[in-house]
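Since every read-out is calculated from the coordinates, none of them should be taken as a lab result. Everything quoted here is computed from the prediction, not taken from an experiment. Don't worry about glycine lacking a Cβ; one is built from the backbone with ideal geometry, like all the others, and counts go over all protein chains shown.
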Amino acid sequence: MTHYTNGFIEVSKRKIESSDLNGYFETVTYADEIAILKPDPRIYNLAMEKSGAKKDESIYIGDDWIADAVGANAFGMSAIFFDRLDDNFGMENVPTIKHLDEVRNYL
């Protein structure tokens, strides 16, 4: 699995290390590495290249509606919106979850 983020590298590393997601990623792509922010499609493309993943076999899970859900969808990648702030955004073909354990329902 791959992960990419707009956050500062150290902040993002701490988030991953302190979450239940630690240990699930083989590669992590940070926007700070290349000065390109989501939803710019180049960051998604770089992450795909870096990980060797294919976007049609990948699902982007993120908690920022524009940068994550809309950006991944525009890139042509499936997305799941983790609505941890109860924003209640919605888009066809982008499921919304309130808890990370709900991801299993879409794999």
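Ordering 95, 18, 105 by Cα displacement along the dipole of the chain toward the positive end leaves 18 in first place; charges were set at the Cβ atoms of Lys, Arg (+1) and Asp, Glu (-1).
Which GluC sites (Glu not before Pro) does the range 1-104 hold that lie in a coil by DSSP with at most 12 other beta carbons within 10 Å?
Hits after loop and neighbour filter: 26, 92.
Quick check on the chain: what does the Kirkwood estimate of hydrodynamic radius come out to from the alpha carbon pairs, in Å? Value: 14.0 Å, from the Cα pair sum.
Each Lys or Arg adds one and each Asp or Glu subtracts one; over the other residues with Cβ under 13 Å from the Cβ of residue 39, this totals -1. Looking at the chain, the chymotrypsin sites (Phe, Trp or Tyr not before Pro) that sit in a DSSP loop and have at most 15 other Cβ atoms within 10 Å of their own Cβ are 8, 24, 25, 89. Projecting the Cα positions of 70, 46, 58 onto the charge dipole of the range 34-107 (unit charges on Cβ atoms of Lys, Arg, Asp and Glu, taken about the Cα centre) puts 46 furthest along the positive direction.
Taking Cα centre as origin and charging only the Cβ of basic (Lys, Arg, +1) and acidic (Asp, Glu, -1) residues, the dipole magnitude of the chain rounds to 200 debye.
Relative contact order of the range 2-106: what whole-number percent is it, with Cα pairs under 8 angstrom and at least 6 residues apart? After rounding, I find 19 percent. Every helix of 4 or more DSSP H residues in the chain counts as -39500 (n - 2.57), and over all residues that averages to -7000 deg cm²/dmol at 222 nm.
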